[in-house]
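Written below as structure tokens is the structure these notes are about.
The values are calculated or read from the model by the stated rules, or taken from the named source; none is laboratory data. The structure presented is a predicted model; accordingly, all values stated were derived computationally and were not measured. With ideal geometry, Cβ positions are generated from the backbone for all residues, glycine too; neighbour counts draw on all protein chains shown. The area values use the complete protein model at the heavy-atom level, side chains included, leaving out ligands, DNA and RNA. Shrake-Rupley method; radii C 1.70, N 1.55, O 1.52, S 1.80 Å.
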Amino acid sequence: MESFGGSSESPTEPKKPKSKTLRKPKETASALKQKSPAEFFAENKNIAGFDNPGKSLYTTVRELVENSLDSAESISELPVVEITIEEIGKSKFNSMIGLVDRERIDEELYDDYETAKAREKRLAKEARAQEIQAKNVSLGKKAKEFQPSKAIKGRGEASFYRVTCKDNGRGMPHDDIPNMFGRVLSGTKYGLKQTRGKFGLGAKMALIWSKMSTGLPIEISSSMKGQNYFSFCRLDIDIHRNIPHVHAHEKRDNKERWHGAEIQVVIEGNWTTYRSKILHYMRQMAVITPYAQFLFKFVSDLSDKNVTIRFARRTDVMPPVPLETKHHPSSVDLLLIKRLIAETSKQNLVQFLQHEFVNIGKAYAERLIGEMGPDFNPKMTVKSLTSQQIVRIHQLFRQAKFDDPCGDCLSPAGEYNLRLGIIKELHPDMVATYSGSAQVFEGHPFIVEAGVSVGGKDVKQGLNIFRFANRIPLLFEQGADVVTRSALKRINWNSYKINQTQDKIGVFVSIVSTKIPFKGTGKEYIGDDITEIASAVKSAIQQCCIQLKTKIVKKMQAREQQERKRNLSKYILDATGAVYEVLREMAQSHTSKKKRVEDEDSELLSKVSARMITKETLREKLAQHVEQVDFEMALEYATQSGVSEEPREPLFLQSLEAEDNFVDLHNPIFVFRLFR
């Protein structure tokens, strides 16, 4: 019998198959592995805004600028921030890392190599395009300027930039610098308060990107107020262990008595594609922080690419520093309650409830404990609570009524600063601002401020939307944002005398909170699914529009008044001549007794005959009558339009060079400074 393999075997003596020894899986294959926080963010850099080289350059600038602002504001110092992006060519970068430039030997190895066939095809295509262009020109047709095809850019042709940010802030303690930059998820911003940061990464992610793209360390210079030295530190990060790798850390003489920080990092980037985003970010940051002075520079070997922009300070009135607050009972989860119990210094349950949460007084805490059940009492040790008892506390927190948290811990920009920022950067024809009162979502307080402008410099027709969260600009994923949807779909602009498509409209909305409900992995927009925030945004924009309507109606009234006056004045000369001729003929008839008139008119005709009434006097009287009629019509128009409020105009008084011995009296649209 022929087998499957092709050999014949006896059926009585079947061949025993060879037994295969099963390999045991290696024990290490199932071993658990652990990633450090630095390693996680390095592998998922898009979460922190480092999607590609261009976005990484933008995010690096943003993180450094926001850190500088936080540092200066923390010591109530008016921020002065200098940001420089220096383009580094390939040869210069290679010399920085100690690499010698080499010429290509085998051109076909490279992905930008163009074969003879591809080159022939490209040249033939260019020749046809030039021929068509010449034909169109000869026929008098409008033809686009011919542009030759660009050479293929290889994947390895990266662009590198040195980003430097210098400020006049608090500075950093000498010994803390390595951990502040070389250890991910360690910092001073953690806690329940309004912060600019989204992940708490700051410059750490820029360092990780630098290590991934260039391998070069970051350099930090820092000095605190009153120090006669400044700290210099050069370091990178051990991504797998999440610890700093220090190359140099020393103290140097601080002759200038400078305080603040200067951070320098070399990264791969793309200035060409993200130039506009970076400049828009700086402009919008100048709008929301008019009390700061920014100097932005882009430096290149090609002088025509260089950019220098100074965003001047417009006011020296700063918002208050945000305060850290306690958790609201309705906003906590089980994990947070357990952490608070582990960290609390209070001994018993009633003290824990009273001191670790907002809006729970002693009497209310005792009522809550009484509602929890017989297993609870006010004097019981908080550390002795079982898991079941903690679940009971959490359930009651979700069901019980609590007063809303107040907004005293928040630090909005303020109407005054928002108005000044809009005027300073956009130069609009008119602007209105509004700051709402503190409201609450999911136990977190928030404040919405809004500004709407009409007209201005470098503003496109239609809606131009500027979004801010905790006083930082949001430039990406605008379409899904609550501000965009409110402005486009929930505001009837025509009812406020604003043309949504023809007018140059700027819509500015700033939301501050202890917890910004960002959406998306990059945290670039605020969702439209939170009713409290959507309603507050719509209301704030509407309040601005109501103010603008008053101004627009007055402007329309003035324009129509001028038009009426112009139309009436146009006929004064002809009307005067015609009336005077009639009066003169009547006066002659009256004098010759051909046609007598009554006593009232006879006096008028006598004055005409005596040249007491001339063509000039009639013209003056008619002009006065036009002015009176115009005024009465304008008054009637204003009454019918319901205009009762005078438009609020911006006012800025330059601060005096004097000692800081004054008291500020704040108003939504101005600050009155009283010097003692």
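Which of the residues that make up region 359-418 are closer than 26 Å to residue 324 by Cβ and of a type in the set (Val, Ile, Thr)?
360, 382, 390, 393
Got a number for residues in region 46-85 being over 24 Å from residue 171 (Cα atoms) and open to solvent by 50 Å² or more (accessible area, probe 1.4 Å)?
Residues flagged as over 24 Å from residue 171 (Cα atoms) and open to solvent by 50 Å² or more (accessible area, probe 1.4 Å) within region 46-85 amount to 3.
Can you go through 573, 548, 568, 583 and tell me which one is among the hydrophobic types (A, V, I, L, M, F, W, C) and surrounded by fewer than 15 Cβ atoms within 10 Å (Cβ to Cβ)?
573
Is it true that residue 291 is in contact with a Pro (Cβ under 8 Å, 6 or more places away or on another chain) and touching a residue at least 40 places away in the same chain (Cβ under 8 Å)?
Spelling it out, residue 291 is indeed in contact with a Pro (Cβ under 8 Å, 6 or more places away or on another chain) and touching a residue at least 40 places away in the same chain (Cβ under 8 Å).
Which is polar (S, T, N, Q), modelled with pLDDT of 90 or more and not assigned by the TED database to the domain that holds residue 484, of 387, 453?
Unique residue meeting the criteria: 387.
Return a yes/no flag: does region 38-47 have any residue that is of a type in the set (Val, Ile, Thr) and not in a loop (DSSP other than H, G, I, E, B).
Step one: filter region 38-47 for residues of a type in the set (Val, Ile, Thr), giving 47.
If we keep only those that are not in a loop (DSSP other than H, G, I, E, B) too, we end up with 47.
Taking every residue of region 38-47 in turn, at least one turns out to be of a type in the set (Val, Ile, Thr) and not in a loop (DSSP other than H, G, I, E, B).
Under 7 Å between Cβ atoms, at least 6 apart or on separate chains: pull out the pairs that start in region 341-355 with a residue that is more than 13 Å from residue 390 (Cβ to Cβ) and end on any residue that is open to solvent by 60 Å² or more (accessible area, probe 1.4 Å) and among the acidic types (Asp, Glu).
Listed by first residue and then by second, the contacts come to 350/366.
Pull up region 160-210, narrow it to residues that are among the polar types (S, T, N, Q) and within 24 Å of residue 524 (Cβ to Cβ), then point me to the one that is modelled with the highest pLDDT.
Checked region 160-210; the qualifying residue modelled with the highest pLDDT is 210.
Out of region 515-545, which residues are open to solvent by less than 30 Å² (accessible area, probe 1.4 Å) and modelled with pLDDT under 85? Can you show your working first?
We begin by selecting, within region 515-545, every residue open to solvent by less than 30 Å² (accessible area, probe 1.4 Å); these are 516-517, 522, 524, 526-527, 530, 533-534, 536-537, 540-541, 544-545.
Correct list: 522, 524.
Please go through region 493-514 and give me each residue that is exposed (fewer than 15 other Cβ atoms within 10 Å of the Cβ) and farther than 20 Å from residue 539 by Cα, ordered by number. Let's see the steps before the verdict.
Here is the first cut: in region 493-514, the ones exposed (fewer than 15 other Cβ atoms within 10 Å of the Cβ) are 494-495, 499, 501-502.
501, 502, listed by residue number.
With the structure loaded, tell me whether residue 237 is within 14 Å of residue 61 (Cβ to Cβ), part of a strand (DSSP E or B) and modelled with pLDDT under 95 or whether it fails that test.
The answer is no for residue 237.
So, residue 503, is that one without any contact (Cβ under 8 Å) to a residue 60 or more places away in the chain, within 20 Å of residue 458 (Cα to Cα), of a type in the set (Asp, Glu) and assigned by the TED database to the domain that holds residue 449 or not?
yes
Would you confirm whether or not region 361-381 contains a residue that is touching a residue at least 40 places away in the same chain (Cβ under 8 Å), open to solvent by less than 60 Å² (accessible area, probe 1.4 Å) and in contact with a Leu (Cβ under 8 Å, 6 or more places away or on another chain)?
no
Residue 307 - would you say it is surrounded by 17 or more Cβ atoms within 10 Å (Cβ to Cβ) and of a type in the set (A, V, I, L, M)?
Working: surrounded by 17 or more Cβ atoms within 10 Å (Cβ to Cβ): no; of a type in the set (A, V, I, L, M): yes.
When the stated conditions are applied, residue 307 does not pass them.
Do we have any residue at all in region 281-290 that's open to solvent by 60 Å² or more (accessible area, probe 1.4 Å) and assigned by the TED database to the domain that holds residue 171?
Looking through region 281-290, none of the residues is open to solvent by 60 Å² or more (accessible area, probe 1.4 Å) and assigned by the TED database to the domain that holds residue 171.
Please work out which residue is modelled with the lowest pLDDT, limiting yourself to region 340-358 and to residues that are open to solvent by 20 Å² or more (accessible area, probe 1.4 Å) and among the hydrophobic types (A, V, I, L, M, F, W, C).
Restricting to residues being open to solvent by 20 Å² or more (accessible area, probe 1.4 Å) and among the hydrophobic types (A, V, I, L, M, F, W, C), the top hit is 358.
From the list 331, 300, pick out the single residue that is modelled with pLDDT of 90 or more and touching a strand residue (DSSP E or B) at 6+ places or on another chain (Cβ under 7 Å).
When all the criteria are applied, what remains is 300.
Restricting region 235-252 to residues that are open to solvent by 40 Å² or more (accessible area, probe 1.4 Å) and in contact with a strand residue (DSSP E or B) (Cβ under 6 Å, 6 or more places away or on another chain), which is nearest to residue 208 (Cα to Cα)?
Top of the filtered list is 238.
Only one of 552, 491, 526, 533 is in contact with a helix residue (DSSP H, G or I) (Cβ under 7 Å, 6 or more places away or on another chain) and farther than 28 Å from residue 324 by Cα. Can you tell me which?
Just a single option satisfies the conditions, and that option is 491.
Residue 293: surrounded by fewer than 17 Cβ atoms within 10 Å (Cβ to Cβ) and farther than 25 Å from residue 515 by Cα, yes or no? Lay out the reasoning, then the answer.
Numbers: surrounded by fewer than 17 Cβ atoms within 10 Å (Cβ to Cβ): no; farther than 25 Å from residue 515 by Cα: yes.
No: the conditions fail for residue 293.
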